[in-house]
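Here is the structure we will look at.
The values are calculated or read from the model by the stated rules, or taken from the named source; none is laboratory data. All figures in this text were calculated on a predicted structure; none of them were measured in a lab. For neighbour counting, all protein chains shown are included, and Cβ atoms are generated from backbone atoms with ideal geometry for every residue, glycine included. Only protein heavy atoms, including side chains, enter the accessible area calculation; ligands, DNA and RNA are left aside. Shrake-Rupley method; radii C 1.70, N 1.55, O 1.52, S 1.80 Å.
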Amino acid sequence: MSNENSNDNTPALASNFLRGIILADLAEAKYADRTDRDGQRLPEVITRFPPEPNGYLHIGHAKSICLNFGLARDYVGRCNMRFDDTNPEKEEQEYVDTILDSVKWLGFDWKDEGREHLYFASDYFDQLYAMAEYLIASGHAYVDSQSAAEMVTNRGNFGEAGKNSPYRERPAAESVDLFRRMKAGEFKDGEHILRAKIDMASPNMNMRDPAIYRIRHAHHHRTGDKWCIYPMYDYAHPIEDAIENVTHSICTLEFQDHRPFYDWVLEKLAEGNFFKQPLPHQYEFARLNVTYVVTSKRKLRQLVEEGIVDGWDDPRMPTIVGIRRRGYTPEAIQLFCDRTGTTKSDGWTDYGVLEGALREDLDPKAPRAIAVLRPLKLIIDNFPEGESIECSAPIHPHHPERGNRTFQISKELWIEADDFMEVPTKGYFRLFPGNKVRLRYGYVVECTGCDKDADGKVIAVHCNYFADSKSGTEGSANYKVKGNLHWVSVAHALEAEVRLYDRLFTDPNPDAGGKDFKLALNPNSKEVVTAYLESGMASAMPDEKFQFERHGYFVADRVDSKVGKPVFNRGVTLKDSWGK
């Protein structure tokens, strides 16, 4: 088991209040000596990741995944993968599949000693129903026949106590009968509802006889039409935790006021011998809020359905499938989640922290390549016509053991358009008439002039090269120049589509305070260019990452790339231009 106080050479675990709680529980053996129904010894730390399969996971969910699975890993426990599929009208198998794929991509699984711990709330529908009948029979629940409007009115508010339902003292036998008839499909949606009997004067609104079951005549993606009543999340959640022997049920802060009901449900069912002590305990942490991002499922769906983005996996989206397609790595996401910390105080994390994590992860790993994104032709007038010479560059400048890549230089090259200025500004050291620069990994050249079209636009630059100045040769030391340009040979370059992605919003808090988030859309969040790359990039495989020297980190698109014809997405620039 990992320990923050160990004396070995393993890295210390990042401290947070949840680790402190777990260490205290381990010290007092709070969850020791437990066994499952098969008599197998249970880990002392069992967490769970319980998404509802009603959409695609986003960067906020990644924090919860890393936290729950990471804590279980660090303390030699397990994390259950569970779907809270209690709302059939919004849930689909498509979402189940993408969620499982996202969790695996982030580097986690739900196996423990060869056994998979993948669960669904729908696995427990029979048990949840039986427990609800017990609560009715024991006087802790009743069927309420008020209308939805009446229940809202009688619930009161934070300054006014609620009023008891006229059906609150309905005899248990009558409520059981009605509940069974609800299950049998005799009533319409909303005609009756099952409520816990707690305290309508409680200062905690969640304890004012909360709903337990509601009627929903809807097809369920796993149970079909077997059920027409479905448990409420706040009722099902603690029971699922207890059935799965969860020890530390970790939620975000919005569930803090729901914890009393969580405890109430488990305590009442423990009284009925459904569960044994010690029971699971819920803990809350502050959710991850990232600037320049919206994570509301409704708003993300709006972006997709209105065609503002190109689907759920658009690289500008904060969905896990989106950031994965943009070129983010699981390691970068884990690093980001670790750096954001785990506290009980709400706050905002700058999007630049996420970008910095990707740079830090890819810098030592990504092979280098040259790409010219805004091409301008450079003609070396004194270079032999029809010939080419091989140049080489390291695959990675800090890892010589990875070897070199080779490419050709010839008479005509592509350079970046902003690497030439006919009348240079102060401090400009690149190409202008009479100036010498080095073609990176190649020769020193001297600019002699340019060609223009009828509108006066520069369409080609001319220069002469110095044959004894090639990089890596003795003669190169004789030339001292300030400019160093990237280039590719026109005759040998790979033409490729490159998508330059940026932040989707220009406002750091695009939907704060009820603002219309669409008014903050960044018109420059996506630009598609035809670029020219060194020839070896033709073999780039989907999902393969590179640093395009000078431009940033790019990935071969996992959807649109084809063999020999990759499409590249920019994940992040080399430096943070938004922080200025």
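Miscellaneous remarks
- Among the residues of region 214-236, just one is under 17 Å from Pro280 (Cβ atoms) and in contact with a Pro (Cβ under 7 Å, 6 or more places away or on another chain), namely Asp234.
- Checking Gly552 against (1) farther than 24 Å from Arg440 by Cα; (2) free of Cβ contacts under 8 Å to residues at least 24 places away in the same chain, the condition it does not meet: (1)
- Odd one out for Gly70 among (1) modelled with pLDDT under 95; (2) open to solvent by less than 20 Å² (accessible area, probe 1.4 Å); (3) out of contact with any helix residue (DSSP H, G or I) (no Cβ under 7 Å at 6 or more places or on another chain): (1)
- Only one of the listed residues (Ala366, Ala393, Ala357) is more than 30 Å from Ala460 (Cβ to Cβ) and without any contact (Cβ under 8 Å) to a residue 60 or more places away in the chain. That residue is Ala357.
- Residue check, Phe285 at pLDDT 95 or above and surrounded by fewer than 17 Cβ atoms within 10 Å (Cβ to Cβ): no
- Subset of region 567-580 that is touching a helix residue (DSSP H, G or I) at 6+ places or on another chain (Cβ under 7 Å) and either open to solvent by 40 Å² or more (accessible area, probe 1.4 Å) or part of a loop (DSSP other than H, G, I, E, B) (or both) - its residue that is nearest to Leu373 (Cα to Cα): Asp576
- In region 535-566, residue surrounded by the fewest Cβ atoms within 10 Å (Cβ to Cβ) [restricted to those that are assigned to a strand (DSSP E or B) and of a type outside the set (A, V, I, L, M, F, W, C)]: Lys562
- Sole residue being assigned to a loop (DSSP other than H, G, I, E, B) and either among the β-branched types (Val, Ile, Thr) or in contact with an Asp or Glu (Cβ under 7 Å, 6 or more places away or on another chain) (or both), chosen from Val309, Val321: Val309
- Subset of region 94-107 (residues that are assigned to a loop (DSSP other than H, G, I, E, B) and surrounded by fewer than 21 Cβ atoms within 10 Å (Cβ to Cβ)): Gly107
- Filter result for Asn16 (at pLDDT below 95, out of contact with any Asp or Glu (no Cβ under 9 Å at 6 or more places or on another chain), open to solvent by less than 30 Å² (accessible area, probe 1.4 Å) and under 25 Å from Arg287 (Cα atoms)): yes
- Applying the set (1) open to solvent by 40 Å² or more (accessible area, probe 1.4 Å); (2) of a type in the set (Lys, Arg); (3) free of Cβ contacts under 8 Å to residues at least 40 places away in the same chain to Arg222 leaves exactly one unmet item: (3).
- Of note, Tyr56 satisfies the criterion of being in contact with a strand residue (DSSP E or B) (Cβ under 6 Å, 6 or more places away or on another chain), assigned to a loop (DSSP other than H, G, I, E, B), at pLDDT 95 or above and open to solvent by 20 Å² or more (accessible area, probe 1.4 Å).
- Filter pass, Arg405 being in contact with a His (Cβ under 6 Å, 6 or more places away or on another chain), modelled with pLDDT of 95 or more and among the charged types (D, E, K, R): no
- Qualifying residue in region 339-347 (condition: in contact (Cβ under 8 Å) with a residue 40 or more places away in the chain, of a type outside the set (Val, Ile, Thr) and in a helix (DSSP H, G or I)): no
- Close pairs (9 angstrom Cβ cut-off, 6 or more residues apart or separate chains): within 11 Å of Ile215 (Cα to Cα) in region 170-184, among the small types (Gly, Ala, Ser) and in a helix (DSSP H, G or I) anywhere: Phe179/Ala132
- Count of region 108-136 residues which are surrounded by 14 or more Cβ atoms within 10 Å (Cβ to Cβ), more than 20 Å from Pro238 (Cα to Cα) and either free of Cβ contacts under 8 Å to residues at least 60 places away in the same chain or within 24 Å of the chain's Cα centre (by Cα) (or both): 2
- Strands (runs of 3 or more DSSP E) fully within region 205-302 counting 2 or more residues that are within 30 Å of Lys515 (Cα to Cα): 248-252, 281-285
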